[in-house]
Amino acid sequence: MRDGDQGEIYRTAESSAWEISRHPLFRPPALQPDVRTETPVVVRRRGAVAAAGAVSARLAAAAHRSRDAVAQEREYGHFFLFVPVFLGAGAAIWYALPRDPPMLALLIACAVFAWPAWRRRHDPDLIAVAAAAAFLLPVGMVFAALESNRLSTVILDTPVTTHIEGRVLSREADDRGRIRYLVQLTSTRDPALKRPPSRITLLVRSAHEPVSIGGTIAGRARLNPPSGPALPGLNDFAFDAYMAGNGAVGFFYGKPDTSRPSSSGGGIFERMSERIATWRNGITEHIRSRIGGDAGAIAAALVTAEQRAISPDTVEALRQAGLAHVLAISGLNMVLAAGTFLVGARMFLALVPGLAERYPVKKIAAAGALVMVTLYIMISGGAISAVRSWIMISIMLIAVFFDRTAISLRNIALSGILILIVTPSAVTGPGFQMSFAATLGLVAGYAAWRERPVRQERPNLPLTRYAGFVSRFLGGLLLSSLIGGFATLIYSIGHFHRIPAYGLAGNLVAMPVISAVVMPFGLIAMLLMPFGLDALPFAIMGKGIDWMIAISHWVAGWGGEVVTGRIPQASFLLIGLGGGLLCLLRTRLRLSGLLLVLVGTFLAFWPDARPPPELLVSEDGRLVAILSGGEAATNRGRPPDFIYSQWRRALRIQSHTPPQLRPAGQGKANEKAVGDVTVAEKRRKERRRNIDSESARRQMAEALEETEGKPRFICRAKEWCAARTPSNWRVVTIEDPAFLGAACDSADFVVASQHLRSAHCRSGGLLLTARTLRTTGALEISPAAEPSEIGPSYAITASVDTLRRPWTLHRSYDWRSGSFQLDGEAVAINDNGE
């Protein structure tokens with residue numbers, strides 16, 4: 001008898017026994033008493049052993065199922081999708097380190113783990129994934145180090161007023177007609193900078209004849225280093241400037257000198273960049289001349305990504321309506337432009353008699369669309385989201401030549417790998433993260449929709465066809481908006497600390513207008529622009545944008561913005577990683593992603609054990625805020641929106657209390673200049689002020705006593721401000737250094753926005769000056785966990801925790817000695833400022 005037949009007999013017997021047991025006349029045999037002589041203790045031990053064996057068996061079965069799931073994911077080819085994940089994680093680790101790790105150590109790590117990763121590349125288990133991660137993580141760190149060394153951006157060390165001269169690389173006008181220039185700095189004088197940056201961004205407020213790209217611009221300007229994080233954990237603009245190659249920001253005093261002859265360009269790449277910038281600027285000005293107002297500025301932003309001309313009110317309305325993503329050159333713009341061209345060109349070629357039968361018109365249209373999107377990326381500024389979209393659409397169009405479909409997760413992975421090889425710093429920015437998260441969610445959702453069970457077809461009636469088309473269009477729009485919104489939700493919270501509550505409604509109402517009117521007619525206008533026939537298409541495009549603006553203001557009027565505040569970094573990472581696993585995996589392993597999302601959400605809502613901050617100090621020391629129960633009292637009536645808006649969203653500040661102003665001059669006995677000097681000489685000579693210290697101390701004490709229990713600053717104009725925190729800390733900010741002694745005698749915290757030589761208060765109070773804040777960045781001061789009986793007990797969190805990274809090294813530079821002051825020792829630099 002064969003083994004198979006014997007097994008069949010056993011199964012038949014078992015089934016017959018089961019049928020007998022189900023018969024209504026069946027009676028089971030009586031149970032016999034247990035005659036074993038084991039003691040109860042032994043029985044319990046055997047029961048414990050059996051329970052342990054059952055648990056062990058279940059664990060073994062779960063492990064076996066996990067191995068099967070890993071092998072199945074391997075068969076799907078999903079391990080390749082984790083290559084950009086590990087590369088990006090390695091780059092992010094490199095940027096988070098307190099100092100640059102040795103390049104030799106990174107290369108050795110790559111060499112050591114390369115062989116195990118290669119040998120285990122085909123193994124269907126997690127060991128292969130671990131080996132690949134061990135190799136790709138240091139590779140990502142190497143790419144990050146190479147990019148930093150390639151850029152070597154020199155960042156200005158301290159604010160300075162000097163005369164500059166340079167070559168204009170690009171220019172962009174805002175909604176008030178002010179022009180911002182990107183300048184290649186060639187020389188400085190009065191004073192000459194010892195460590196000048198290579199490229200700077202300068203704003204011209206005065207009306208003047210715009211300087212052509214490639215021309216020379218000169219004048220006296222105020223230069224400032226790029227600012228650091230407004231609070232610990234927020235975006236570091238100095239890091240962004242370093243990676244963009246911009247070493248300083250500032251403005252011209254009055255009109256710049258534009259009469260100088262144009263300087264000769266550099267190499268072929270510099271001349272090509274200037275030519276593209278000229279085209280881009282010309283297209284922007286042409287579109288704005290065809291379409292006026294905010295509609296023209298948005299139309300130009302959709303083509304060239306220049307958004308400065310859009311009014312702040314319209315930008316804020318678009319954000320609150322969830323339509324800010326339209327302004328970015330991303331997948332939406334690229335897909336609509338490429339799809340419109342592909343379908344339109346194919347239909348046009350099909351109308352030519354006999355052409356569709358002789359030639360592959362679909363491939364011809366795809367070739368034209370490939371050229372079009374390449375020109376689009378050239379004039380759009382090359383943002384990360386645009387580059388990602390261009391790579392993916394190019395792969396899709398090239399796949400048409402070979403009659404293949406390229407809408408897959410591997411397409412996303414390939415574009416991510418290419419971007420991380422060239423610009424690994426993009427992994428830290430919201431543009432990269434949100435673009436890939438939205439695309440990953442949409443592709444995964446499309447795959448799930450494609451694999452859904454097919455329903456029975458309905459009768460093919462005309463009304464049914466139209467209703468089906470409308471329902472599919474609206475359903476696809478709703479589904480894509482939901483997937484994109486949920487995929488980017490954590491990144492909106494993590495980077496911007498707010499989400500539009502009615503973003504879904506805004507997208508549902510506005511996206512049909514954008515898809516059917518704005519983008520198609522914008523593409524038609526661009527194609528007709530060389531022939532001068534773009535007036536009518538641009539007019540229709542402008543009308544569609546007017547509808548979009550009206551919709552955004554309507555939705556924003558519902559007051560639906562939700563300010564979320566900061567969330568823990570661990571929560572951000574867990575939710576982001578979990579969402580990625582949900583989209584990348586197809587087996588039961590994707591449940592691990594859901595688990596990570598739930599844990600990250602739990603941590604986000606878990607109450608923080610640390611006391612909330614009571615005192616905030618900006619990086620330059622000019623803005624100080626006292627927090628109390630969602631209310632912020634500042635030392636300025638109109639705090640700078642660039643800083644205060646970040647504070648408001650990150651800490652969920654609900655209301656602002658301006659300072660109470662008092663007349664100035666009551667603390668000064670007299671004031672006189674040293675010697676008989678002219679007005680020009682006064683700028684170069686120090687002034688000696690004789691302050692009535694006793695009167696100043698008395699006034700500060702009265703102000704501090706008046707503000708006890710009422711967080712609010714009392715200020716003397718251009719002299720000082722005083723307030724008390726909820727923990728009864730005494731805080732004094734000074735505008736005039738002459739009041740330093742009185743402030744130190746009166747307060748626990750003294751904040752001065754000047755570069756003072758004093759580093760401490762003799763009375764024991766904490767002195768914060770522009771010199772000390774330069775090395776720490778903005779400060780967040782909270783009550784300590786354990787109060788002190790001697791004085792105020794507090795914990796300080798600095799925004800800048802290291803000075804040894806390339807984008808923070810400028811904070812330690814001393815222009816007098818020409819060296820970096822790191823850990824108490826001077827480190828010399830070479831002639832190139834490195």
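The values are calculated or read from the model by the stated rules, or taken from the named source; none is laboratory data. Computed from a prediction, not measured in an experiment: that's the story for all the values here. Because the Cβ atoms are built from the backbone with ideal geometry, glycine has one as well, and the counts that use them run over all protein chains shown. Only protein heavy atoms, including side chains, enter the accessible area calculation; ligands, DNA and RNA are left aside. Shrake-Rupley method; radii C 1.70, N 1.55, O 1.52, S 1.80 Å.
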(message) For region 240-250: of the residues being in a loop (DSSP other than H, G, I, E, B) and either open to solvent by 10 Å² or more (accessible area, probe 1.4 Å) or among the aliphatic types (A, V, I, L, M) (or both), which is farthest from Arg205 (Cα to Cα)?
(response) Gly245
(request) Starting from residues that are at pLDDT 85 or above and open to solvent by 60 Å² or more (accessible area, probe 1.4 Å), keep the ones in region 798-832 and report whichever is farthest from Val154 (Cα to Cα). (result) Asp801
(request) Within region 761-785, count every residue that is at pLDDT 90 or above and at positive phi. (result) 1
(message) Of the conditions (1) crowded, with 20+ Cβ neighbours inside 10 Å; (2) of a type in the set (Lys, Arg); (3) modelled with pLDDT of 95 or more, Arg280 satisfies every one except a single condition; which number is it?
(response) (3)
(request) Could you please find all residues in region 126-154 being aliphatic (A, V, I, L, M), touching a residue at least 60 places away in the same chain (Cβ under 8 Å), within 28 Å of Ile108 (Cβ to Cβ) and open to solvent by less than 30 Å² (accessible area, probe 1.4 Å)? (result) Ala144
(request) Determine whether Ala367 is open to solvent by less than 20 Å² (accessible area, probe 1.4 Å) and of a type outside the set (Asp, Glu). (result) no
(request) Quick one: Val211 ticks every box in (1) of a type outside the set (Gly, Ala, Ser); (2) modelled with pLDDT of 95 or more; (3) touching a Ser or Thr at 6+ places or on another chain (Cβ under 9 Å) except a single one, so which number is it? (result) (2)
(request) Please tell me if Arg404 is charged (D, E, K, R) and in a helix (DSSP H, G or I). (result) no
(request) Only one of these is touching a Ser or Thr at 6+ places or on another chain (Cβ under 7 Å), outside any helix (DSSP H, G or I) and at pLDDT 95 or above: Val750, Val732. Name it. (result) Val732
(request) Give the residues of region 410-420 that are open to solvent by 20 Å² or more (accessible area, probe 1.4 Å), under 24 Å from His495 (Cβ atoms) and touching a residue at least 60 places away in the same chain (Cβ under 8 Å), sorted by residue number. (result) Ile417
(message) Among the listed residues Gly560, Gly506, identify the single one that is in contact (Cβ under 8 Å) with a residue 24 or more places away in the chain, buried (at least 16 other Cβ atoms within 10 Å of the Cβ), touching a strand residue (DSSP E or B) at 6+ places or on another chain (Cβ under 9 Å) and under 20 Å from Leu336 (Cα atoms).
(response) Gly506
(message) With the requirement that a residue be at pLDDT 90 or above, part of a helix (DSSP H, G or I) and more than 29 Å from His495 (Cα to Cα), what does region 530-566 give you?
(response) Ala535, Leu536, Pro537, Phe538, Ala539, Ile540, Met541, Gly542, Lys543, Gly544, Asp546, Trp547
(message) I need a count of the residues in region 155-179 that are surrounded by fewer than 22 Cβ atoms within 10 Å (Cβ to Cβ) and more than 28 Å from Glu306 (Cβ to Cβ).
(response) 5
(request) Would you check if Gly228 is over 14 Å from Glu165 (Cβ atoms) and open to solvent by 50 Å² or more (accessible area, probe 1.4 Å)? (result) no
(request) Those residues that are touching a residue at least 60 places away in the same chain (Cβ under 8 Å), touching a helix residue (DSSP H, G or I) at 6+ places or on another chain (Cβ under 7 Å) and small (Gly, Ala, Ser), I need them from region 533-557; list them, please. (result) Ala535, Gly542, Ser552, Ala556
(request) For region 599-617, state whether one or more residues are more than 26 Å from the chain's Cα centre (by Cα) and either of a type in the set (Val, Ile, Thr) or within 30 Å of Tyr446 (Cα to Cα) (or both). (result) no
(message) For region 563-607, which positions are touching a residue at least 40 places away in the same chain (Cβ under 8 Å) and of a type in the set (D, E, K, R)?
(response) Arg566, Arg586, Arg588
(request) Specify which of the listed residues (Ala738, Ala752, Ala770) is surrounded by fewer than 22 Cβ atoms within 10 Å (Cβ to Cβ), under 34 Å from the mean Cα position of the chain (by Cα) and more than 18 Å from Tyr794 (Cβ to Cβ). (result) Ala770
(message) Is it the case, given these coordinates, that Val617 is within 15 Å of Val731 (Cβ to Cβ) and among the β-branched types (Val, Ile, Thr)?
(response) yes
(request) Check whether at least one residue in region 100-111 is assigned to a loop (DSSP other than H, G, I, E, B), touching a residue at least 60 places away in the same chain (Cβ under 8 Å) and within 28 Å of Asp801 (Cα to Cα), and report yes or no. (result) yes
(request) Evaluate the following for Pro530: is it without any contact (Cβ under 8 Å) to a residue 60 or more places away in the chain and under 29 Å from Thr304 (Cβ atoms)? (result) yes
(message) One residue is enough: does region 286-294 have a residue meeting the conditions part of a loop (DSSP other than H, G, I, E, B), within 16 Å of Val183 (Cβ to Cβ) and either among the β-branched types (Val, Ile, Thr) or open to solvent by less than 10 Å² (accessible area, probe 1.4 Å) (or both)?
(response) no
(request) Just need a number here: residues in region 584-627 that are out of contact with any strand residue (DSSP E or B) (no Cβ under 8 Å at 6 or more places or on another chain) and either assigned to a strand (DSSP E or B) or open to solvent by less than 20 Å² (accessible area, probe 1.4 Å) (or both). (result) 5
(request) Go through (1) at pLDDT below 85; (2) open to solvent by 50 Å² or more (accessible area, probe 1.4 Å); (3) of a type outside the set (Asp, Glu) one by one and return the number of the condition Trp390 breaks. (result) (1)
(message) If I filter region 705-731 down to residues being surrounded by fewer than 20 Cβ atoms within 10 Å (Cβ to Cβ) and not basic (Lys, Arg), which single residue comes out as farthest from Ala747 (Cα to Cα)?
(response) Ala717
(message) Just to verify a result, which residue in region 312-355, among those that are under 27 Å from Ile276 (Cβ atoms) and polar (S, T, N, Q), is surrounded by the fewest Cβ atoms within 10 Å (Cβ to Cβ)?
(response) Thr340
(request) Kindly indicate which of Gly468, Gly484, Gly522, Gly476 is open to solvent by less than 30 Å² (accessible area, probe 1.4 Å), assigned to a helix (DSSP H, G or I) and at pLDDT below 80. (result) Gly468
(message) Among the residues of region 340-363, are any outside any helix (DSSP H, G or I) and of a type in the set (A, V, I, L, M)?
(response) yes
